[in-house]
Amino acid sequence: MKMMIFFIHHRNVLQFLSICIVIFCMSGCAVERCTICKGDQMIKRNIKSKILHDWEDLYQCAQYNIDHHCYANAEKLLQKALTQRIKDQWMARVYGMHFSDYFPNRELGICFYFMGNDALAKQYLKRSIKQEPTMKARLYLDHVRK
């Protein structure tokens with residue numbers, strides 16, 4: 001009888017632990033959402049990755065924000081992306097054989113340009129051109145200089 005109670009008790013404990021492990025693993029797989037302003041509203045948009053702390057996902061979310069004229073949100077995301085990968089470049093390796101263009105300095109310069117901070121816009125656009133020259137960076141640098 002004691003053995004039977006012991007077995008039932010331990011079986012319940014094992015079930016409880018396995019449920020906890022499943023919940024823990026699933027919480028790590030939750031889709032992080034990218035916040036974008038649209039007019040006065042804030043909308044959330046799913047991005048392809050499950051973790052919004054990766055430089056590529058931060059950069060992608062920042063680009064969505066720039067497309068919707070949310071320059072302050074984009075600036076924060078780009079600053080965070082720059083802490084993980086500093087250099088602008090064509091075909092930055094994401095993982096395996098996957099590549100993505102990555103220009104956080106240029107995009108930050110563009111954000112600062114539209115927010116009216118010409119000094120910072122100039123600084124980031126010059127840095128971008130020095131690292132990886134693009135026509136877009138040169139165009140906005142010309143706008144800043146005017």
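Coordinate-derived values only; no laboratory data. Fair warning: this is a prediction, and the values are worked out from it, not measured in the lab. Heads up, the Cβs are rebuilt from the backbone with ideal geometry, glycines too, and the neighbour counts pull from every protein chain shown.
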Next item on the list: Please label the shape of segment 75-116 as rounded, prolate or oblate, based on the square roots a ≥ b ≥ c of the eigenvalues of the alpha-carbon gyration tensor (a/c under 1.5 means rounded; beyond that, a/b larger than b/c means prolate, else oblate).
Entry: prolate
Next item on the list: Quick one: P(r) of segment 33-145 from all Cα-Cα pairs, 10 Å bins, percents rounded to integers, in order of increasing distance.
Entry: 16, 46, 31, 7, 0
Checklist line | Normalised contact order of segment 53-135, rounded percent, pairs of Cα under 8 Å and 6 or more residues apart | finding: 26
Item checked: Cα-Cα over 24 Å, subset of 87/136; 38/122; 38/130; 38/126; 38/146 -> 38/122; 38/130; 38/126; 38/146
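Rounded to the nearest 20 debye, what is the charge dipole size of segment 60-146 about its Cα centre when +1 sits on each Lys and Arg Cβ and -1 on each Asp and Glu Cβ?
That gives segment 60-146 a dipole magnitude of about 300 debye.
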